[in-house]
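Data block below; observations after.
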Amino acid sequence: MTPQKRLFLIDGMALAYRAHFAFIRNPLLTSDGRHVSAAYGFTKSVLKLIRDEKPEYLAVVFDAKEKTFRHEKYPEYKATREKMPFEMRPQIPWIREIMEAMNIPVFVKSGFEADDVIGTLAVQAQEKGLDTYMVSGDKDFMQLVNDHIFLYSPAVGNKDLVVYTCDEVKKKWDVGPERIVDLLSLMGDSSDNIPGIPGIGEKTAVKLIKKYGSFDLVLEKGQEESNARIRKGIEEHRESGLLSRELVTIKTDVPVELDLDTFQFTGFNEDALRKTLEKMEFYALINELQLGESHEDVEQNYRVLDTRKSLDDFIQKISGEKAFAFDTETDHIDANRANLVGVSLSYQAGQAVYIPLRFLNKENELFDTQDDVVYVLSQLKPLLENDNVLKVGHNIKYDLLVLKKYGVEGKGPLFDTMIAEYLLNPDMTSYKLDHLAQRYLNYKMQSIEELIGDKKSKQITMDKVSLEKAGFYAAEDADITWKLYKILEEKIHKEKLDKIFHDIEIPLVHVLTRMEDNGVYLDVEFLKNMEGEVRDELSKITEKIYDLAGERFNLNSPKQLGYILFEKLKYPVVKKTKTGYSTDVTVLETLKKEYPIAKHLLEYRTLSKLQSTYIETLPKQVNPRTGRVHTSFNQTVAATGRLSSTDPNFQNIPIRTPLGRRIRKAFIAQDKGWKILSADYSQVELRIMAHLSGDERLIQAFLEDADVHARTAALVFGVSEKEITEDMRRKAKVVNFGIMYGAGPFRMSNELDMSRQDAAALIKAYFDTYPGVEKYVENIKKEAAETGMVRTLLGRYRQVPDIRSENRNLRDAAERMAINMPVQGTAADLIKLAMIRVDADMQKKTLKSRMILQVHDELVFETAPDEEDVLCDLVKKDMESAMELDVPLKVDIGIGDSWFEAH
DNA sequence: TACCAAACGTA
DNA sequence: GTACGTTTGGTAG
């Protein structure tokens, strides 16, 4: 007997809801901020269904918008349902679009719910000799199950897939499908607000049905029930039960026609599907479905240059070119620890070469003759150091750093495709090359995991990959980078980002390369001493805490601490996190007046943070080759345009507490007689706010070089500068910063320890004092709403899609971002410009001193004994003149034996 | 092993 | 209220 053909009917809304809530803690967003969790989960599930079941016939059924006969019968029907989450609503049409591209019909029948349509189609399918699978988690469907109709309840969370046959239904409810309606009529359904018979729940309903045989018989004979509650329920709520039965019964006579031709699943409309999925940015799905352009259509003339002759010929050819893309392959992700494995180049779409330097030979031994390396590099060097040739790369700072170790100075004009994409879409979380290839070239790249393995622990390095595979992979990188360059260059221009790109970010690449290469010298001895000191102190505190707690526990575990404080010791709960009790600083600060243990905990927290993040860790980061610590300054992370620093993060070295600040004593110069010089912009963001807003009073304050917080206090509180108290200045400072972050009265009142009304009044007084600032805030919000983006003074932009959201929280958050980004971003542009100037002037004067760190508004240098004065002057002048604003820029400079003294 | 939440360091 | 990165514990896989 040939197996029955199968029809799968998907309960669309149920699946959409499930997908939405599966991602609720971690919603999926597109680059412009659209919620797509439901659409993604939905699509995933449908794909899984197709893959697992290979259905011959398939359709999706949605509820109609209009009210149904159930609402007419019972106005409270589904009245307790929360309305659809706002971020889900726009996804329904997208889901329909995706289904259309998959050639899966979507059914909606006005006046009927999806259940009824599915029921009707299932019955018709049975008549045509098909087996039907109703795809839903809704138990109501069990009433329709028979030998040819099944309920297919997909896996969710830790629950596996269940296909309900008659036996399965019986196993679950102890009664068969034919009694499910009876059961539901008695017990009702709270999610649909179906009353059933009050007082009868699942357990009782099953018992009654088994005892009497059916719902009708329960009504008839229920009066004999010994249990008074049940008897009374049946007597008094008979009507409710009968109504419930009508409501829960799924119709099988909806006027729809099962037309098998349209239900037949024959495969996707690949073109349409790719386009739709691209719109949703479901690149992983596109990959999974292999919807990218097929590789056969793409020209890929990739060659491995494994003889000197072939290399010479290639160099000859490329020498006439004005631009080329290149990529280095190495054996380490950290450029400072990496060995060069090979170099790939491309100057023409579809053409690329790979020059291996380190690879396995036929005997599987590492092959790396020094002669070859020297020869290859000597051939490449003139090319990479040519001031008249454009070098294109993806994250080119990495390649420049690696080449530097081999004596090659990548000089001259650059184009970095990663930075270009970052400027175009500054909010993305990843700018990987394969992602861009998918996005702009609709091309699926060879994944690195295929070469080196996906298990982190078992990964091999590139030099252990066969030459053939490595060659293709590397050549593809160069080829794709070249193709992206052609596209992104155009886009940068179109979006008016040329200035930011060519005058700031690209020149900065060279500066950052030098800074990372310089690294920072640390007084490891000093940190080791500090470590011992702190360790002793920590163990003393630990004992005290154990003593007060009455037991030993893991002090680093907020969970265990929460138990001790709020359950064992029964201290008042101050604040909750989404997983339990909060034990953060504010909580401990509140508790410490009454409960001394909190004071010790605060001390413990501070010390252990310093110990584990800085004191213990920094010495481990010293590079054995250079004896210095080489951080990585990331140019494509912060959406506002700031840099970020990792491995280690040198932009969060403590300064606020005396003990933390001591860590800065470890930041010294390596050579005897050299010093640390620190130069920081004074009040840079407020000055930029003054310029952007054009507020006369604020500008005046800076023109007079006033203490701006004190000045603000005097103006806002209406007193003379002499009458200002410390507290008034403190409050003014909080408001000055709060305004730049877009804070409202609520947050400000917390910070200022005053009522919300008082905070609101203070904000009003602030805006009355600086009307230009208020206007700026209003204007920027308007601009954001009109254009969907905000820009810095130099044109760097950030999209703020949520500015038009219906959701208050999202919209408010977007407004705060919109207010802050031009300020923070312009400050970022400013210091980047300053770095470029300082670096250029240091080169010009061939100073031995080095720029080593940037901390958002501060630059740090190691300075040679005879260069102190000249460097001070140079840095101050370049930083203060980096931008011409309506207010002066002021730079404070300090110099000393360590960062501690310099600051 | 991989990932998240909580906590906390900076401008 | 803005913008980041790291460490730790705890859990899911």
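Every read-out reported here was derived from the displayed coordinates using simple, explicitly stated rules and does not represent laboratory data. Model, not experiment: these values are computed from the prediction. Neighbour counts run over all protein chains shown; Cβ positions are idealised from the backbone, glycine included.
When the charge dipole of chain A is built from unit charges on Cβ atoms (+1 for Lys and Arg, -1 for Asp and Glu) and taken about the Cα centre, the candidate among A:L403, A:T461, A:T43 whose Cα reaches farthest toward its positive end is A:T43. By other beta-carbon atoms within 10 Å, ranking A:M134, A:M530 with the fewest at the front produces A:M530, A:M134. Taken along the Cα-to-beta-carbon direction at a fixed 7 Å, the label points for A:T369 and A:S644 span 4.6 nm. Apply the Debye scattering formula to region A:296-495, with a single equal point scatterer on each alpha-carbon and no solvent, then give log10 I(q)/I(0) at q = 0.14, 0.16, 0.18 Å⁻¹. Here the Debye-derived log intensity ratios amount to -0.80, -1.07, -1.38. Within the shell defined by Cβ-Cβ distances under 12 Å, the residues around A:Q824 carry a net charge of +1, with Lys and Arg each +1 and Asp and Glu each -1.
When only alpha carbons of region A:685-826 are considered, Rg and Dmax amount to 15.4, 48 Å. The separation of region A:265-342 from region A:378-421, counted between C-alpha centres, amounts to 19 Å. Taking the Kirkwood radius as Rh and the Cα radius of gyration as Rg, region A:523-621 has a ratio of Rg/Rh equal to 1.03.
Taking the C-alpha atoms only, the angle from helix A:467-494 to the longest principal axis of chain A is near 90 degrees. Each residue of region A:414-424 was assigned a 3J(HN,Hα) from its phi angle through the Karplus curve 6.51 cos²θ - 1.76 cosθ + 1.60 (θ = phi - 60°); the sequence is 10, 9, 10, 5, 5, 5, 4, 5, 4, 5, 6 Hz, with glycine and proline shown as x.
Binning the C-alpha pair distances of region A:273-394 at 5 Å intervals from 0 yields a P(r) profile of 2, 9, 15, 18, 15, 14, 11, 9, 6, 2, 0 %, listed from the shortest bin outward. The Cα center of region A:555-623 and the Cα center of region A:515-537 differ in position by 24 Å.
Computed on chain A, with alpha-carbon pairs under 8 angstrom and 6+ residues apart, the relative contact order is 9 percent.
Listed by Cβ neighbour count within 10 Å, with the fewest neighbours leading, A:I250, A:I230 appear as A:I230, A:I250.
Shape class for region A:52-171, computed from the alpha carbon gyration tensor (a ≥ b ≥ c): rounded, with a/c under 1.5. With R₀ fixed at 51 Å, the C-beta to C-beta distance from A:E901 to A:E468 puts the FRET efficiency at about 0.35. For the pair A:K592 and A:L703, label points projected 7 Å from Cα toward Cβ lie 4.5 nm apart. With a cut-off of 18 Å on the backbone N, the residues of region A:96-134 near the modelled label site 7 Å out from A:D52 along Cα-Cβ are A:132-134. For the pair A:E723 and A:F746, the difference between a 0.36 nm per residue extended length and the Cα-Cα distance amounts to 5.5 nm.
Entry note: region A:104-260 has Rg to Rh equal to 1.01, where both radii use alpha-carbon atoms and Rh is the Kirkwood radius.
The residue list A:M748, A:S678, A:A638 was ranked by how far each Cα lies along the charge dipole of region A:632-780 toward its positive end, using unit charges on Cβ atoms, and A:S678 comes out on top. By the equivalent-ellipsoid construction on the alpha carbon gyration tensor, region A:754-823 comes out with semi-axes of 24, 16, 9 Å, ordered largest to smallest. What the Cβ-Cβ distance of A:S447 and A:K322 gives, at R0 = 22 Å and to the nearest 0.05, is a FRET efficiency of 0.10. Taking Lys and Arg as +1 and Asp and Glu as -1, the other residues whose beta-carbon sits under 9 Å from that of A:Q300 total -3.
What does a probe at A:A64 reach in region A:93-127, counting residues whose amide N is under 12 Å from the point 7 Å along Cα→Cβ? Only A:108-114, A:116-117 pass the distance filter.
Full extension of the segment from A:R730 to A:S881, taken as 0.36 nm per residue of separation minus the current Cα-Cα distance, would add 51.3 nm.
For A:K575 and A:L659, a Förster radius of 35 Å and the Cβ-Cβ distance give a FRET efficiency of 0.85, rounded to the nearest 0.05. Each 20 Å bin from zero holds the following percent of Cα-Cα pairs in chain A: 11, 32, 34, 19, 4, 0. The trypsin sites (Lys or Arg not before Pro) of region A:585-646 meeting both criteria, a DSSP state outside H, G, I, E and B (loop) and at most 12 other C-beta atoms within 10 angstrom of the site's C-beta, are A:K593, A:R625. Per residue, the convex hull spanned by the Cα atoms of region A:449-553 amounts to 279 cubic angstrom.
Find how many whole Å separate the alpha carbon centroid of region A:686-756 from the alpha carbon centroid of region A:823-880. Using only Cα atoms, the two centres lie 30 Å from each other. Put a plus charge on the Cβ of each Lys and Arg, a minus charge on the Cβ of each Asp and Glu, and nothing anywhere else: the dipole of region A:137-178 about its Cα centre is then about 140 debye. Toward the positive end of the charge dipole of region A:708-817, with +1 on the Cβ of Lys and Arg and -1 on the Cβ of Asp and Glu, the farthest Cα among A:A765, A:V716, A:V790 is that of A:V790.
Counting every other Cβ atom within 10 Å of each residue's Cβ, A:L247, A:L659 order from fewest to most as A:L659, A:L247.
Relative to the Cα centre, the charge distribution of chain A, modelled as +1 at Lys and Arg Cβ and -1 at Asp and Glu Cβ, gives a dipole magnitude of about 2080 debye.
Here the dipole of region A:1-151 is about 340 debye; that uses its Cα centre as origin and unit charges on the Cβ of Lys and Arg (positive) and Asp and Glu (negative). Against the empirical 2.2 N^0.38 Å (N residues), region A:419-505 has a Cα radius of gyration ratio of 1.30. The value obtained for region A:577-645, namely the Cα convex hull volume divided by the number of residues, is 159 Å³ per residue.
Between A:R756 and A:A349, the modelled labels are 5.8 nm apart [label points 7 Å from Cα along Cα→Cβ].
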